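A quick write-up on the structure given underneath.
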Amino acid sequence: MILTIEIVSRPIDKDSYKLSLLRSAERIAAVRIFRPERLTETEAEKRVLTADGSPNGIQGLLQYFNLVESCLSLIKSYETRNNFTYDWIIRTRVDGYWSAPLDLSNFIRGSYIVPPGSTYGGLNDRGDLGDARCRRDVQTGDTEMIH
């Protein structure tokens, strides 16, 4: 059995209306809505990150990393409060459309999976999945490696 619990972290912006898609969600564990503020860009981040093809430059990447890390914090907090650990974490955008059930053969322990068709020449913000340990390693590695 797959238990789905929605955890949402997103900025208030012109696309906030997309949160209305959550009306049909069966279980919502946590929602964090915030006003984005400019993040400090370190010299290391300026050297390592590229803004090629990004309409918001390095700031856009940093905002995205911040968003993913805040979602991980919400997940960890929910797990701690409820004394359990998710087996799998599936990340998707609120406005993502699922045309079919997930193929369970894609759930491979120790693997971080980006579905076919989710590569757009930049950072994948559309969706991915992995077991809990692997997801945390990949997600927190995004910015921890740049110091």
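The values are calculated or read from the model by the stated rules, or taken from the named source; none is laboratory data. For clarity, every value in this text was computed on a predicted model and none was experimentally measured. FYI the Cβ positions are ideal-geometry reconstructions off the backbone, even for glycines, and counts take in every protein chain you see. Just so you know, the surface numbers come from the protein's heavy atoms only, side chains and all, with ligands and any DNA or RNA stripped out. Shrake-Rupley method; radii C 1.70, N 1.55, O 1.52, S 1.80 Å.
Amide H to amide H, with H built 1.01 Å from N, residue 32 comes under 5 Å of 8, 9, 10, counting only residues 5 or more places away or on other chains. Using the Karplus relation 6.51 cos²θ - 1.76 cosθ + 1.60 with θ = phi - 60°, the per-residue 3J(HN,Hα) values for the range 54-64 come to 9, x, 10, x, 4, 4, x, 5, 5, 4, 5 Hz, with x marking Gly and Pro. Taking a ≥ b ≥ c as the square roots of the Cα gyration tensor eigenvalues, with a/c under 1.5 meaning rounded and otherwise prolate when a/b beats b/c, else oblate, which class fits the range 54-118? Verdict is oblate for the range 54-118.
Does the range 1-96 classify as rounded, prolate or oblate by the C-alpha gyration tensor (a ≥ b ≥ c root eigenvalues; a/c under 1.5 gives rounded; else a/b over b/c gives prolate, otherwise oblate)? Note, shape of the range 1-96 comes out prolate. Using a simple spin-label model with pseudo-atoms 7 Å out from Cα toward Cβ, residue 20 and residue 33 lie 1.2 nm apart.
If you sort 112, 17, 86 by accessible surface, 1.4 Å probe, largest first, the order is 17, 112, 86. Here the gap between residue 77 and residue 41, fully extended at 0.36 nm per residue and compared with their Cα-Cα distance, gives a gain of 10.2 nm. Whole-Hz Karplus values for the range 91-102 come out as 10, 8, 7, 4, 8, x, 10, 9, 8, 7, x, 5 Hz, taken residue by residue from phi with 6.51 cos²θ - 1.76 cosθ + 1.60 and θ = phi - 60°; glycine and proline positions read x. Within the range 1-68, the GluC sites (Glu not before Pro) that combine a DSSP coil assignment with at most 12 other C-beta atoms in a 10 angstrom radius are 26, 37.
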